[in-house]
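Values quoted throughout were computed directly from the atomic coordinates according to the rules given, and no laboratory measurement underlies them. The model shown is predicted, which means the values in this text are computed figures rather than measured ones. Here the Cβ is made from the backbone with ideal geometry for all residues, glycine too, and neighbour counts use every protein chain on show.
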Amino acid sequence: MTRPADPLALSRWRADTPGCERLVHLNNAGAALTPAPVRAAIDAHLSLENEIGGYEAADARAEALHGAYTALARLLGTSPANLAMQQNSTVAFSQAFAAFDLGAGDVILTSRADYASNQILYLALSRRRGVEVVRAPDAAEGGIDLQAIRDLVTRRRPSLVALTWVPTNSGLVQPAEVVGEICRDAGVPYVLDACQAVGQMPVDVSRLHCDYLAGTARKFLRGPRGLGFLYVADHALAGGAYPLTVDMHGATWSGPDEFSLTPDARRFESWEIAYALVLGTGAAAEYALGVGIETARDRSWALARYARERLAALDGVRVLDRGPALCAIATAELGGPPGGGGQAGPAGAEDQHQLTRARRRGDRHGPEGGLLGAADLAALLQHRGGDRPCRGGARGGDGDDRAYARRLSSGSSTVQTVSAMRCCPWAVGWIMSAWLSAARPATPSRRKGTSGSAFSRASSVYTRSNRRE
């Protein structure tokens, strides 16, 4: 089930990511390892800025910068004129909200699983402007209740609907297209947070029927950190939408009391932006298109399913992902009964961590080279007792390679709860830096003599909360 369809292509993708030689990276849901072409694009522009100056370098690379917008537009099924670059996805999402003159009497309809920063934005608007926030209930099987959305759109007539396509704390894939159809039919603006979706699954804004879509470069797209983007629909541009914080990049001061908007979505940008990161994002989009988003999705989602199956079979592990569609983020909790069901252990008897990456020792064997395979995943999942690579709240490692654990709840430091063990798609799936490749079966004999640890190839495990800017 986890064997790649094209082993040669998988080897090429691994070779393009030098970090996989020494690191098992499980945190694409936070920030992925970038492939070599992305780093090369960034380095080349920084070198040019150093040689001729920042403004001059941007002018000299104008065609390449337009190419970055074009590549990203192809990935999203839109035009470069509909894209604005921003410093991250949250800023892009906020810029979309800044195009609405919300006040007392307005209603924001959202879900119970929206990203925390978005929820804070809604509440800030409620506190300062009197906006009402309505959260649609979840369906019994997980994910947003579509009938409730229909009813609330009809009954409450929200000023806009805001939805996070893939929540940051689980593998749930919300039915974003169906919600878009409901909003389109009702004439209600639709703002979609696709931060965790872009790069691990096909995105076509024409099928989503969204007015705005925010995303980031650094996650499953495997681009640089510090760059986000916003899609703005044609009808929003034609209707004169612009953010409250529009500046001289997005508009021209045409008279003492007048300004005229830039005709395209760049009215949602700011004057100052890291052009090297724009070029790096374009390179990441080109790379993803070359691999094929369907290829990335199929492999990574299959690997995440495999991880959930193995996790659910472990004693005391509860798989938390629920919903009709699940993606390449796998979430589990240690402390529950076997088989993935029941309740977690008592409060105070567990720490919650996110297991995101592990350092390698020098031993490289098997066809994966430096990448952990399915056997290593199996060993990691069996690694429940004895000397852990990193106990809750403890530190460890070889030399400068220290384990870092961030405690998210009080309790015993000897019981580790993985509240969000992330099977990252480009890492876990078709790209190299993950647990899986199924190139060889589990071989218990390879795990002997490891100081009580079945996970013999990790000298330390990093566990930390997954933050998103």
Q: Would you work out if the stretch 20-101 is rounded, prolate or oblate? Take a ≥ b ≥ c from the square roots of the eigenvalues of the alpha-carbon gyration tensor; rounded if a/c is under 1.5, else prolate when a/b is larger than b/c, oblate otherwise.
A: oblate
Q | Among 145-156, 179-190, the order from most to least packed when residues are scored by Cβ within 10 Å on average | A | 179-190, 145-156
**Q.** Formal net charge of residues neighbouring Leu123 (Cβ-Cβ distance under 13 Å; K, R +1; D, E -1)
**A.** +2
Q: Could you please rank Arg129, Arg266, placing first whichever residue has the fewest other Cβ atoms within 10 Å of its Cβ?
A: Arg129, Arg266
Q: Name the long-range amide H neighbours of Glu333: under 5 Å, sequence gap of 5 or more, or other chain; modelled H, no Pro or chain starts.
A: Arg318, Val319, Leu320
Q | Loop chymotrypsin sites (Phe, Trp or Tyr not before Pro), the stretch 270-334, which have at most 12 other Cβ atoms in a 10 Å radius of their Cβ (DSSP) | A | Trp271
Q | Point-charge dipole on Cβ atoms (K/R +1, D/E -1) for the stretch 37-289, about Cα centre, debye to 20 | A | 720 debye
Q: For a footprinting-style exposure proxy, rank Arg299, Arg74, Arg127 by other Cβ within 10 Å, fewest first.
A: Arg127, Arg74, Arg299
Q. Considering amide H positions built from the backbone, and no H for Pro or chain starts, which residues 5 or more places from Ile144, or on another chain, come under 5 Å of its amide H?
A. Ala139
Q.
So if I take the centroid of the Cα atoms in the stretch 190-224 and the same for the stretch 95-142, what is the distance between those two points in Å?
A. 19 Å
Q: Determine, for Met201, Met248, the number of other Cβ atoms within 10 Å of each Cβ, and report the residues in order from fewest to most.
A: Met248, Met201
Q | Ratio of the Cα radius of gyration of the stretch 143-300 to 2.2 N^0.38 Å, where N counts its residues | A | 1.16
Q) Restricting the count to DSSP beta bridges whose residues both fall in the stretch 37-289, what percent are antiparallel, rounded to a multiple of 5? A) 50 percent
**Q.** Student exercise, the stretch 103-249 dipole from Lys, Arg, Asp, Glu Cβ charges, in Debye to nearest 20
**A.** 440 debye
